[in-house]
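Student: This is the structure I want to talk about, given as structure tokens.
Values quoted throughout were computed directly from the atomic coordinates according to the rules given, and no laboratory measurement underlies them. Computed from a predicted structure; not experimentally measured. Cβ sites come from the backbone with ideal geometry, for glycine too, and all protein chains shown count toward neighbours.
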Amino acid sequence: MLRSLLFFFILSLFTFKRLEACSCVYIETFCETIQYSDTIYHDLILYGTVIKITNRGMEVAVAERLYGTDDRSVIFVKSGNGADCGEYVGQFNVGQQLILALHDAYNPDQTEDIEYWISICGVNWLTVENGYVKGRIAPGEVFLSYKDFKKSSTCRAFENFQPTDPSDPEFKVYPNPVRDQLYIEVGESVQSFDYIISDICGRIILRGIREEVEAETQLMIELPQEQLSSGLYFLQLLNGAEKKTIKLMIVTD
């Protein structure tokens, strides 16, 4: 009896650490996930077929690229373990057709082809069978033809999505990648703005307000290195009703 209690106690500690390592702003459907804050945070969204699965991940043959610039016919998706906010790809099968919303598996020393991963935060994959998309597609939508899926009013047509331009004249942000000090220059129309830095799971790392700023002023934001690890983050800049989202690569090593 004592041995059983000890086993479950240790198991609960392990489970707690896994949950503690990845906490998410969970979003209920695929379309809501990829449209979070009116910005696509993903690097690649595709329709493809699983052609190989290994302990490290899976290879996917791309049938159609729905969003992103990677035009390779086959891409590699790394496996996660949940605690790292990544999906375990062993749940999929060779030959299975999927809609995948992917993040670049950022590596500052990466010299080979880009690899991707699937976040467990929100709904980032759907299945496709006989030309029909299945899963939590959008509120009230769990089954659509692939053609209708791309045109659905509840999941805006993918060709209408445009990533935020980091060279926007209202804000200049540098350096990127950044280590500990981020600089923002504002345009003439900006008098004050809010900023929010969050990770890929939606956790807010840093936020603040800058008021009565002058045009062409260089503002510095000190990044909390002790709270960060190297990887992809998002900087939101809010100027009245205007909102810009910029991908940041933060390096802490």
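Student: Mind checking which lysines have their C-alpha under 22 Å from Lys247, skipping anything on the same chain fewer than 8 residues away?
Tutor: Leaving aside lysines fewer than 8 places away in the same chain, those within reach of Lys247 are Lys78, Lys172.
Student: Looking only at Cα atoms, what is the convex hull volume of the range 30-93 per residue, in Å³?
Tutor: 101 Å³
Student: By what distance, in whole Å, do the Cα atoms of the range 171-250 stretch along each of the three principal axes, largest value first?
Tutor: Each principal axis gives a Cα extent; for the range 171-250 these are 34, 22, 17 Å.
Student: For the residues Trp117, Trp125, what sequence is obtained by ranking on other C-beta atoms within 10 Å, fewest first?
Tutor: Trp125, Trp117
Student: Read phi for every residue in the range 237-249 and hand back ³J(HN,Hα) as whole Hz from Karplus 6.51 cos²θ - 1.76 cosθ + 1.60, θ = phi - 60°, with x for Gly and Pro.
Tutor: 3J(HN,Hα) across the range 237-249, in whole Hz: 10, 10, 10, x, 7, 7, 9, 10, 10, 10, 6, 10, 9.
Student: Still on this structure, please answer the following. Assign unit charges at the C-beta atoms only (+1 for Lys and Arg, -1 for Asp and Glu), then state the dipole size of the range 39-83 relative to its Cα centre in Debye, rounded to the nearest 20.
Tutor: Working: 5 positive and 5 negative charges, 41 e Å.
With Lys and Arg at +1 and Asp and Glu at -1, about 200 debye.
Student: Separate question: Take Glu59 and Thr252, extend 7 Å from each Cα along the Cα→Cβ direction, and tell me the distance between the two endpoints in nm.
Tutor: Taking the simple label geometry, Glu59 and Thr252 are separated by 3.5 nm.
Student: Which order do the peptides 85-96, 234-245, 219-230 come out in when sorted by mean C-beta neighbours inside 10 angstrom, highest first?
Tutor: 234-245, 85-96, 219-230
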